[in-house]
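Encoded as structure tokens, the structure appears first; notes follow it.
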Amino acid sequence: MFYPRETVNSTFPDKRPGDSRKLYRPIRVQRLAMTIGFFILLISVSKNSFGQVPPPPSPTSLIDINGTEVFSATTINSPHDYSSGRFLGSQSCTAASCHGNPRRESAPGSAAHFFFDNDPHQRGGAVLREKRSDEIVKRLNLTKPAWETKECLVCHAPGAMHSENRQDFLVKLAEGVGCESCHGPAQNWLTHHHTLEWKFPEIWSSERKLDSGFRETKNLVNRVNDCADCHVGNASQSVNHDLIAAGHPRLVFEYAAYQSLMPAHWRRSEDRQRQAMARGSQSSLSNSAARDWLLGQLVNAEHELSILSASASHPDEVHAGYPDKVWPELAQYDCFACHHDLKSASWQQSRSGINLELKPGEIRWGTWSLGLLPELKTPLNRLVDNQLVEDLSKLQTRMRSPIVETKSVADDILDLQHRLGLAAIFLDRAELRTEDLRAIRNSLLADSARVTNQGWDRSTQLYLALVAIDIGLSETPYRPDRMNPGREVTYRQLRENLSFGGSTKLRPPFEHRGSPFRLQQNWQKIQQGFDDLTIQLSSELQQ
């Protein structure tokens, strides 16, 4: 709708065609056979005929905002580690009896068709052969082309990094970001994941699956972490300032928006229902867009801090080639803090001191991947510890200085990383109520002038947050907030004023669609748009 959302909820029908429903109804004999097989399996396991059942995962204490241990975490995906098995290639998933059913009536059975027909991730390897990629590696003085460079393959074609021969390498390069890039190298779990025992955590626990290389993407925290590993970065891989200066696009990832834009090779309705039932809710609606946004804020911030932690731990370490760990990493700062006219009346200098208390020489840090967390306090109190938000805001303030000693922030960064990770797990399992979403939305709108004065990053984050929250409120069970047509128009106008696309024609810089000059012209319209939203919401509440 506003992302745009043309592909949302339209990839798969929520109901199967009438004539084919009988295909999904097992006959009584099949049910009896499955029941007998289940009991045989249990007896066999008890006698260790399938091998010893692994012990349950050792509990990892999770502390809520009051300091009380509330539950033990299942194993959460660590940053991408493909050392647990060999990539077999996406062709191992595309058999008609597996995920390549040509009938396209079942999301799991036809997932490969929907992915390879629609998802742009599969072009990850092909991008590395384009002229733009060649120019980037030349500017970086790399000795190999992009499609043979490890630092490029790790995100663009992970399978190619673990190929056994040249032919296998070329096949996996053409595959790009395939099935195993997200679900894990399949060597040690492919023959197990379609068996009956796979569905029983007593046999295949989350820890055992992770040890075999399988990544549980049905877990929402795992899913966001998987995306953020490449779209934000982590301690071992990131898009630094050198790479951006060489021509690589800047990473501006916001999970809720990306999730809505990407074509799904699963049933979104079933996914929402599964997430809701995991939290004890009987409703198939789970405020998914709003939860995706808030969870994405926490995970993105944790990944941004992992990049900062790597730089703080090894500030003087220089590697042969890309990436060099430098301190501070300029890619984490607001681009327009430096990229603006140097005359005293420039748009950036005229706005940088508004309600920001910036000293001369200070520049804003973490304006994108830290999202709006530093701006949120009281509305998140029930879900996320306000002390975490305040500490994150303090770190952001300290990082504004061009001279920050690594020793003074290294321990703080690690502590914040850990707390953000726990907060994401807690939020995924917590109830997200209507009043929580309204409080967050009202708080953001009340402070919209201060947020927009901080530049394009924060203004766009505010727009994405409000859209996700409004969509989430429209999904809220029992008390739905319908999207007013007037608000839809306002959102579209805001999106147009914030759009940052390039021009198809050569124009002077001041006329370029994505230039700071154009953004300067739109600041008043942007602020007016947020003011209009505040007025519209106040009017709706009074009706």
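With respect to LEU392, determine if the residue is out of contact with any His (no Cβ under 6 Å at 6 or more places or on another chain) and modelled with pLDDT of 90 or more.
In short, yes.
Within the range 247-266, how many residues are in contact (Cβ under 8 Å) with a residue 60 or more places away in the chain and either more than 21 Å from THR460 (Cα to Cα) or buried (at least 21 other Cβ atoms within 10 Å of the Cβ) (or both)?
Counting residues in the range 247-266 that are in contact (Cβ under 8 Å) with a residue 60 or more places away in the chain and either more than 21 Å from THR460 (Cα to Cα) or buried (at least 21 other Cβ atoms within 10 Å of the Cβ) (or both) gives 9.
Taking the criterion of being surrounded by fewer than 19 Cβ atoms within 10 Å (Cβ to Cβ) and either small (Gly, Ala, Ser) or under 20 Å from GLN273 (Cα atoms) (or both), would at least one residue in the range 449-462 satisfy it? Before you say what the answer is, go through the steps one by one.
Restricting attention to the range 449-462, the residues satisfying the condition of being surrounded by fewer than 19 Cβ atoms within 10 Å (Cβ to Cβ) are 449-450, 453.
Then keep just the ones that are either small (Gly, Ala, Ser) or under 20 Å from GLN273 (Cα atoms) (or both); that gives 449.
Yes: one or more hits.
Report the residue count in the range 421-480 for those that are assigned to a loop (DSSP other than H, G, I, E, B) and either at positive phi or of a type in the set (Asp, Glu) (or both).
Of the residues in that region, 4 qualify.
Quick grid of which residues meet (1) of a type outside the set (Val, Ile, Thr); (2) surrounded by fewer than 16 Cβ atoms within 10 Å (Cβ to Cβ); (3) farther than 25 Å from MET277 by Cα; (4) touching a Pro at 6+ places or on another chain (Cβ under 9 Å):
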| position | (1), (2), (3), (4) |
| --- | --- |
| GLY361 | yes, yes, yes, yes |
| GLY366 | yes, no, yes, yes |
| LEU372 | yes, no, yes, no |
| ASP428 | yes, no, no, no |
| LEU432 | yes, no, no, no |
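Whether any residue in the range 157-165 is over 17 Å from SER83 (Cβ atoms) and modelled with pLDDT under 90 is what I want to check.
yes
TRP293 - would you say it is in contact with an Asp or Glu (Cβ under 6 Å, 6 or more places away or on another chain), at pLDDT 90 or above, closer than 24 Å to LEU462 by Cα and aromatic (Phe, Trp, Tyr)?
Working: in contact with an Asp or Glu (Cβ under 6 Å, 6 or more places away or on another chain): no; at pLDDT 90 or above: yes; closer than 24 Å to LEU462 by Cα: yes; aromatic (Phe, Trp, Tyr): yes.
No.
Does at least one position in the range 122-129 carry a residue that is assigned by TED's automatic domain parsing to the domain that holds HIS194, farther than 30 Å from ILE244 by Cβ and touching a residue at least 40 places away in the same chain (Cβ under 8 Å)?
no
Just for the range 81-116: of the residues that are within 25 Å of ASN165 (Cα to Cα) and in contact with a Pro (Cβ under 9 Å, 6 or more places away or on another chain), which one is surrounded by the fewest Cβ atoms within 10 Å (Cβ to Cβ)?
Taking the candidates together, the pick is SER83.
The values are calculated or read from the model by the stated rules, or taken from the named source; none is laboratory data. Keep in mind the model is a prediction, meaning the values are calculated, not measured. When we count neighbours, we look across all protein chains shown, and the Cβ atoms used for this are built from the backbone with ideal geometry, even at glycine.
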